[in-house]
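Enquirer: First the structure, which I've put down as structure tokens, then a few questions once you've had a look.
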Amino acid sequence: MLKTFRNAWKIAELRKKILFTLFVLLIFRLGAALPVPFIDAGALESWFGSDAVQGSMFNYLDMLTGGSFSQATVFALSVTPYINASIIMQLLTVAIPALERLSKEGEEGRNVINRITRYVTTGIAALLGVMYYFLLRNQGALSDEGVFAALVIIFTFTAGSMLITWLGEQIDTHGIGNGVSMLIFAGIVSRLSTLPGQAVSYHSYAQMLRQFGQPWVQIYIFLVLAAILSIVSIFFAVFITNAERRIPVQYAKRVVGRKQYGGQASYIPLKVNMSGVLPVIFASSIVSIPATILMFFPALSDKKIIGPVLNFFNMNGWGYAVFYALLIFAFNYFYVAIQYNPIEIANNLRSNNGVIPGVRPGKPTSDFITRALSKITFMGGIFLVLLAGLPIVMGNLTGIQMQLAGTSLLIMVGVALDTCRSLESYMLMRHHKGFLE
């Protein structure tokens with residue numbers, strides 16, 4: 001990967017794209033540090049540091065925004081509205097025939113869908129801005145609760161979200177990689193600067209264990225094992241992200257005039273982790289709803305019926321972990337089901353005179369692809385559960401909160417690999433080594 005970036009830097013055009021991407025990321029980090037007026041930073045920091053926020057949906061939002069959400073900066077909403085709008089439009093494209101026809105009309109249809117997505121993004125950003133304002137007011141984190149202050153805060157959050165979405169589009173056009181993914185990646189990486197502070201807290205945790213009679217040797221062995229586990233998790237995430245099953249396809253020969261077409265062997269790539277980090281994000285959002293409800297209405301924990309139900313999904317309980325794993329599996333299967341249509345794949349193979357060796361065309365081919373997808377999706381679900389669940393188990397055993405470590409790791413690995421592939425494909429297209437040798 002380092003060699004790829006070093007070779008890309010030697011190409012003038014690629015160097016400009018990389019510098020442009022870094023410049024946009026710099027603007028993003030400056031906006032993430034610019035506070036919104038009329039907000040009491042001290043009260044907000046003390047509230048986010050309380051135990052009531054742990055395990056709620058706000059931890060997930062703070063992870064996606066790189067800590068901007070907990071500081072109520074200009075980019076506090078980050079690209080969250082755009083992600084939600086994209087997911088909504090993706091689901092509606094499957095459910096509404098008119099949108100499905102637009103998605104198949106080429107570039108013009110995609111431009112219409114993108115324009116609709118921007119309108120939906122604006123509406124979601126405004127809604128989240130209003131909700132965040134009332135949240136800040138309820139927690140006493142506002143220095144001015146007047147109408148003018150409310151309008152300034154809400155419009156600032158909305159404008160910041162739309163600006164960062166525009167910056168992501170500029171990276172898509174003039175930079176390297178996927179713009180939205182790069183911004184999320186930059187936000188997560190920026191939180192690595194808090195590692196020294198975490199190390200101090202770990203040291204304090206070790207001192208606490210020593211007071212209870214735990215030897216220092218066991219403490220440092222645990223820290224070394226935790227570091228080794230982190231490295232193994234990174235290698236495991238890279239391996240699974242690149243892993244795929246290749247279904248061989250053989251195309252029949254056909255003669256048109258004096259030219260012969262087909263007769264080539266290819267394959268259908270089925271990635272083990274086809275859905276990426278989306279199932280983990282969806283599951284984290286839903287499973288954190290009970291903790292979020294208790295944070296707004298703490299009196300519900302004492303109710304006879306709803307109290308035990310909400311406490312059952314406490315992030316330190318086994319109910320949270322089991323429900324979290326089941327949701328990851330369910331969303332993983334759902335996402336693969338809406339992205340891959342075995343019947344359409346089988347029909348495309350038949351129309352192009354392609355067959356899977358040993359499988360008859362038509363329904364047998366569709367059934368074969370369905371079985372292959374089911375097995376691959378199951379293995380991908382296990383991988384996501386392990387990657388997302390292991391930090392939770394480690395956090396419950398040690399008391400060190402690492403609930404979002406698996407999600408962050410998967411996002412960083414995916415973005416890094418996609419960016420590296422983009423650079424390699426650009427250099428391959430530019431040099432045409434296969435034609436020159």
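Enquirer: Quote the FRET efficiency, to the nearest 0.05, computed for ASP172 versus ASN311 with a Förster distance R0 of 60 Å and r equal to the Cβ-Cβ distance.
Expert: 0.85
Enquirer: Something else now. For the peptides 107-117, 31-41, 145-155, what is the packing order when you average, over each peptide's residues, the other Cβ atoms within 10 Å and list the highest mean first?
Expert: Numbers: 107-117: 12.6, 31-41: 17.2, 145-155: 14.5.
Highest-to-lowest ranking by the protection proxy: 31-41, 145-155, 107-117.
Enquirer: May I ask you to list the residues of segment 100-131 whose amide nitrogen lies under 15 Å from a point 7 Å from Cα along the Cα→beta-carbon direction of ALA43?
Expert: Of the residues in segment 100-131, none has backbone N under 15 Å from the label point off ALA43.
Enquirer: Apply 1/(1 + (r/R0)^6) to the Cβ-Cβ distance of ALA98 and ILE343, taking R0 = 25 Å, and write down the FRET efficiency to the nearest 0.05.
Expert: On the way: r = 21 Å, r/R0 = 0.86.
In this case the efficiency is close to 0.70.
Enquirer: So what's the net charge close to GLY146: Lys and Arg +1, Asp and Glu -1, counting the other residues with Cβ under 15 Å from its Cβ? Please report the intermediate quantities before stating the final value.
Expert: Values: positive: ARG137; negative: ASP40, ASP144, GLU145.
Result for the neighbourhood of GLY146: -2.
Enquirer: Within a 10 angstrom radius of the beta carbon, how do THR407, THR370 rank from fewest other beta carbons to most? Please report the intermediate quantities before stating the final value.
Expert: On the way: THR407 22, THR370 16.
Fewest-to-most Cβ neighbours within 10 Å comes out as THR370, THR407.
Enquirer: Related question: Express in nm, to one decimal, how much length is gained between SER230 and VAL130 on full extension, taking 0.36 nm for each residue of separation and deducting their alpha carbon distance.
Expert: Details: separation 100, 0.36 × 100 = 36.00 nm, distance 3.85 nm.
Here the answer is 32.2 nm.
Enquirer: Suppose R0 equals 60 Å; then what is the FRET efficiency for ALA159 and GLN264 from their Cβ-Cβ distance, rounded to the nearest 0.05? Intermediate results must be reported in sequence, preceding the final value.
Expert: Numbers: r = 52 Å, r/R0 = 0.87.
In this case the efficiency is close to 0.70.
Enquirer: If you don't mind, there's one more thing I want to ask. Indicate the gyration tensor shape class of segment 1-195 (rounded, prolate or oblate), computed on the Cα atoms with a ≥ b ≥ c the square roots of the eigenvalues: a/c under 1.5 is rounded; otherwise a/b larger than b/c is prolate and the rest oblate.
Expert: Oblate, because a/c is 1.5 or more while a/b does not exceed b/c.
Enquirer: Another question, then. Full-extension gain between ALA372 and LEU2, please, as 0.36 nm times their residue separation minus the C-alpha to C-alpha distance.
Expert: On the way: separation 370, 0.36 × 370 = 133.20 nm, distance 3.48 nm.
That works out to 129.7 nm of additional length.
Readers should treat all values here as calculations from the given coordinates under stated rules, not as data from a laboratory. Quick caveat: nothing in here was measured; it's all calculated off a predicted structure. Because the Cβ atoms are built from the backbone with ideal geometry, glycine has one as well, and the counts that use them run over all protein chains shown.
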